[in-house]
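Trainee: Encoded as structure tokens, here's the structure I'll be asking about.
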Amino acid sequence: MRSRLLWLPAVFFLVLGLFVVKTEGETLRVAWAEWPPADYLQKLSEDFTTETGIDVEVVQIPWPSFQNKIDLGFVGKSDSYDIVIGDSQWLGSNSVGGHYVKLTDWFDKNIDVDSIYGPAMTAFAEYPKGSKEYWALPAEVDANGYVYRKDLFENPKEQQAFKDKYGYELHVPKTYQQLRDVAEFFTRPPDLYGIATYFSKEYDGITMGFQQVMWSFGGSYGDTETYKVKGHINSDDSLKALEYYKELIEFSPPDAPNYYWQETLDAYKAGKVAMAMDYFAFLPGAV
């Protein structure tokens, strides 16, 4: 296996604006998924209310039903929400489908687009890419990272045993091969396993876990110019990435097929795993 660096790509969400006008004493309703960033948005909105007199209600929808509920609202032309904070992968289908409001002209008059991080605007607010047509603003930027147990990694006996088995020093993994070795080494059922990462089929769980491995191995979903998938998602590099990711479940707790961000964090906090992947927004909960 080639030495592949750990590369954890950013995850973005979008504010999808609707042209709404609210006045003092009214309430602005914002729909988002049910998770801590939405709680923080509700807290931040207090400053907006103080300045404008407009109340803000952040409506939180459980992740498993989030997209379906929003889609049903779009199709039924519901007025339940004034603003939706949607997931980044919704941008193409909902802009083409007529469910998002094109904000380009409004941005020209009200927003300094150049002051916003360029790659975020291009990748997650602009559609089609390169068109300078905007449908959203980035709302929450995140990436995946790993936490690890210092009591295990810095234990002299563990360090010696690891070096005896793998031929190099035990340290925080810098490549996917090292990640695999460390995960295998600390797998000692039933009380300890090497790693907790995303395997859940709910929403985009396993996708968020696997795709960063796929890209690091040289694979891809498809050609962004021709939109061809065959020969890309099933390329040798993509398949090697899939084989690698599949092997990680052997070093994970028995309930790992259900793991997404909450479950990986819970497993780590319970001392069940030596390493765990999660979004940076939730990593403070690990310490």
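Trainee: I'd like the chymotrypsin sites (Phe, Trp or Tyr not before Pro) in segment 42-126 restricted to DSSP loop residues with at most 13 other Cβ atoms within 10 Å, sorted by number. Each step should come with its number before you reach the end.
Mentor: Values: sites: Phe48, Phe66, Phe74, Tyr81, Trp90, Tyr100, Trp106, Phe107, Tyr117, Phe124; in loops: Tyr81, Tyr100, Tyr117.
Listed in order of number, the matching sites are Tyr117.
Trainee: Let me ask something additional. Mind scanning Lys129/Lys174; Lys77/Lys228; Lys240/Lys272; Lys201/Lys272; Lys228/Lys269; Lys43/Lys174 and naming the pairs with a C-alpha gap bigger than 31 Å?
Mentor: Among Lys129/Lys174; Lys77/Lys228; Lys240/Lys272; Lys201/Lys272; Lys228/Lys269; Lys43/Lys174, the Cα-Cα distance tops 31 Å for Lys129/Lys174; Lys77/Lys228; Lys228/Lys269; Lys43/Lys174.
Trainee: Using the alpha-carbon atoms, what tilt in degrees (0 to 90, nearest 10) does helix 205-216 show relative to the longest principal axis of the chain?
Mentor: So the inclination is approximately 70 degrees.
Trainee: Between Phe48, Gly76, Pro119, whose Cα lies farthest towards the positive end of the dipole of segment 29-119 when Lys and Arg beta carbons carry +1 and Asp and Glu beta carbons carry -1, centred on the Cα centre?
Mentor: Gly76
Trainee: Equivalent-ellipsoid semi-axes (√(5λ), Cα gyration tensor) for segment 10-142, whole Å, largest first?
Mentor: Output for segment 10-142: semi-axes of 22, 18, 15 Å.
Trainee: May I ask for the angle, rounded to the nearest 10°, between helix 236-248 and the longest principal axis of the chain, with both axes built from Cα atoms and the value confined to 0 to 90°?
Mentor: With rounding to tens, the tilt is 70 degrees.
Trainee: What is the distance in Å between the Cα centres of segment 225-241 and segment 141-173?
Mentor: So the two Cα centres are separated by 32 Å.
Trainee: Oh, and also: Which of the three applies to segment 71-140, rounded, prolate or oblate, going by the alpha-carbon gyration tensor with a ≥ b ≥ c and a/c under 1.5 meaning rounded?
Mentor: In terms of gyration-tensor shape, prolate.
Trainee: Between 0 and 90 degrees, rounded to the nearest ten: what's the tilt of helix 156-166 against the longest Cα principal axis of the chain?
Mentor: 80 degrees
Trainee: Amide H neighbours of Val56 under 5 Å, at least 5 residues apart or on other chains, H built in the peptide plane: list them.
Mentor: Here the answer is Leu28, since their amide H atoms fall under 5 Å of that of Val56.
Trainee: Let me ask something additional. Given the DSSP H assignment, sum -39500 (n - 2.57) over each helix run of at least 4 residues in the chain and divide by its residue total; what's the result at 222 nm in deg cm²/dmol, nearest 500? Show your work: numbers first, answer last.
Mentor: Working: 11 runs with 109 residues, N = 287.
Mean residue ellipticity at 222 nm (helix-derived): -11000 deg cm²/dmol.
Trainee: Could you pull out the trypsin sites (Lys or Arg not before Pro) across segment 46-138 that fall in loop regions by DSSP (anything but H, G, I, E, B) with no more than 15 other Cβ atoms inside 10 Å?
Mentor: Here the trypsin sites (Lys or Arg not before Pro) that fit, given the DSSP loop and packing criteria, are Lys77, Lys102, Lys129, Lys132.
Trainee: Give me the distance between the Cα centres of segment 33-91 and segment 253-283, rounded to whole Å.
Mentor: Centre-to-centre (Cα) distance: 26 Å.
Trainee: Of all DSSP beta bridges located in segment 144-286, what percent are antiparallel, nearest 5? Before the final figure, lay out the partial values.
Mentor: Numbers: 6 of 9 bridges.
For segment 144-286, the DSSP antiparallel bridge percentage is about 65.
Trainee: Could you please rank Met208, Met277, placing first whichever residue has the fewest other Cβ atoms within 10 Å of its Cβ?
Mentor: Met208, Met277
Trainee: Semi-axes of the chain's equivalent ellipsoid from the Cα gyration tensor, sqrt of 5 times each eigenvalue, largest first, rounded to whole Å?
Mentor: The equivalent ellipsoid of the chain has semi-axes of 40, 23, 16 Å.
None of the figures in this text is laboratory data; all of them are computed from the coordinates on show. This is a predicted model, so every value here is computed, not measured. Ideal geometry is used to build each Cβ from the backbone, glycine not excepted, and the neighbour counts take in all protein chains shown.
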